[in-house]
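None of the figures in this text is laboratory data; all of them are computed from the coordinates on show. Keep in mind that what you see is a predicted model, and the values were worked out from it rather than measured. Using ideal geometry, Cβ is built from the backbone for each residue, glycine included, and neighbour counts are taken over all protein chains shown.
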Amino acid sequence: MADTQTLVLGGGCFWCTEAVFKEVKGITDVESGYSNGSAQRPSYEQVCTGTTGHNEVVKLTYDPAQISTRQILEIFFVVHDPTTLNRQGNDSGTQYRSGIYYATPEQKQAAEDIIQELTRDNAFGKAIVTEVKPVQNYWPAEEYHQDFFEKNPNQGYCMAVAAPKVAKFRKTFAALQK
């Protein structure tokens, strides 16, 4: 089996981001968590205050022989709005910022390249505010957040926010669906 890599992405509420990436071919694990803040072992309640500096993220483990970092980032930029600072839809605060937290220099380069291309092409009609930083101080979210959409598909937030993102992924990236 090929070596796997990890990449951490912040695209708003982790329930939505997790729901999308669980369906992507080549991604072998998706874990909701908190990253790039100062608190050690932060809780959801602490992160929600916006005072820890942590971002709600998903940690993706993937097989680069099946899916490239570039393809993962293409999905990421389609299923969230990278132009809103500290906000995704009605979710606002630093914990909902758009972020790519890389583990390797190659991942950093892939992130910088795609942002440069999307900016050059004016893909969103506004500036991209996605931060690109090395992953730091990652901590998994509580168990009840893991697989949230899968376990709660009829929950209001899941139906209103997560389900449309999953549908958009399925429509746009059918070839990359498991």
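Observations, loosely collected:
- Listed residues Asn55, Asn90, Asn152, most fluctuating in the chain (Gaussian network, C-alpha, under 10 Å): Asn90
- Calculated diffusion of the stretch 19-66, Stokes-Einstein form, Kirkwood radius summed over Cα pairs, 25 °C and 0.890 mPa s, µm²/s: 206
- Placed amide H near Ile100: partners under 5 Å, 5+ positions off or other chain: Gly10, Glu131, Val132, Lys133
- Lys-Lys pairs in the chain that are eight or more residues apart or on separate chains and whose Cα atoms lie under 13 Å of each other come to 6.
- For the chain, with +1 on Lys and Arg beta carbons and -1 on Asp and Glu, the positive-most of Asn86, Thr6, Gly50 along the dipole: Asn86
- GNM top mover of Arg97, Arg41, Arg87 - the chain, alpha-carbon springs below 10 Å: Arg41
- Where labels lie 7 Å past Cα in the beta-carbon direction, separation of Lys133 and Arg70 in nm: 2.8
- Straightening the chain between Tyr44 and Ser92 buys 15.8 nm, computed as 0.36 nm per residue apart minus the Cα-Cα spacing.
- Each Cα pair of the stretch 115-178 feeds into the Kirkwood radius, which the Stokes-Einstein equation turns, at 20 °C and 1.002 mPa s, into a diffusion coefficient of 141 µm²/s.
- Cβ-placed point charges (K, R +1; D, E -1), dipole of the chain about Cα centre in debye, nearest 20: 380
- Kirkwood-based shape ratio for the stretch 5-172, expressed as Rg/Rh from alpha carbons: 0.93
- Over all orientations, the stretch 1-102 has a Cα convex hull whose mean projected area works out to 6.4 square nanometres.
- Val24 long-range amide H proximity, modeled H, under 5 Å: Lys178
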